[in-house]
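Trainee: Shown below is the structure under consideration.
The values are calculated or read from the model by the stated rules, or taken from the named source; none is laboratory data. The shown structure was predicted, so the numbers you read here are calculated from the model rather than taken from an experiment. Quick reminder, even Gly has a Cβ in these numbers, built from the backbone with ideal geometry, and neighbours come from all protein chains shown.
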Amino acid sequence: MSVLAYRPGNGPGGVLPHWLHLNEVAPAGSPKHSAEYAMNKDQVKGRVKEVKGKVKEVTGRIIGDKTMENKGKLQNATGKAQSAFGDVKQDIKDAI
């Protein structure tokens with residue numbers, strides 16, 4: 001298990017940033033590290049494609065590039081389909 005080390009004096013005023021709390025780190029074997037929370041390859045890749053597509057879509061909209069915006073929408077939809085496929089795969093695996 002890898003845990004970030006904290007030494008007093010790190011950061012402003014010697015306190016941890018509000019987003020980093022060592023007590024939130026779950027040890028191996030805990031429910032957060034069980035198969036219940038694991039994602040399969042299709043779920044991960046699909047969600048990554050969704051994010052990339054959304055970024056591309058918004059960037060295209062901001063700079064006024066309709067082609068980029070449409071490519072982003074397509075990539076986002078492709079990612080949603082792939083992650084949905086992964087969700088179904090996971091549901092089948094969980095049912096077995």
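Yes/no matrix, rows are residues, columns are (1) over 23 Å from Met39 (Cβ atoms); (2) in contact with a Ser or Thr (Cβ under 9 Å, 6 or more places away or on another chain); (3) hydroxyl-bearing (Ser, Thr, Tyr); (4) assigned to a helix (DSSP H, G or I):
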site: Thr59; (1), (2), (3), (4): yes, no, yes, yes
site: Ile62; (1), (2), (3), (4): yes, no, no, yes
site: Lys71; (1), (2), (3), (4): yes, no, no, yes
site: Thr78; (1), (2), (3), (4): no, no, yes, yes
site: Ser83; (1), (2), (3), (4): no, no, yes, yes
site: Gln90; (1), (2), (3), (4): no, no, no, yes
site: Lys93; (1), (2), (3), (4): no, no, no, yes
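Trainee: Let me ask something else about it. Kindly provide the set of residues from region 53-81 that are within 28 Å of Lys41 (Cβ to Cβ) and among the basic types (Lys, Arg), ordered by number.
Mentor: Scanning region 53-81 gives Lys54, Lys56, Lys71, Lys73, Lys80.
Residue-by-condition table, conditions (1) hydrophobic (A, V, I, L, M, F, W, C); (2) modelled with pLDDT of 95 or more; (3) touching an Asp or Glu at 6+ places or on another chain (Cβ under 6 Å):
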| residue | (1), (2), (3) |
| --- | --- |
| Leu20 | yes, no, no |
| Glu24 | no, no, no |
| Lys32 | no, no, no |
| Asn40 | no, no, no |
| Gln43 | no, no, no |
| Lys66 | no, yes, no |
| Glu69 | no, yes, yes |
| Asn76 | no, yes, yes |
| Asp94 | no, no, no |
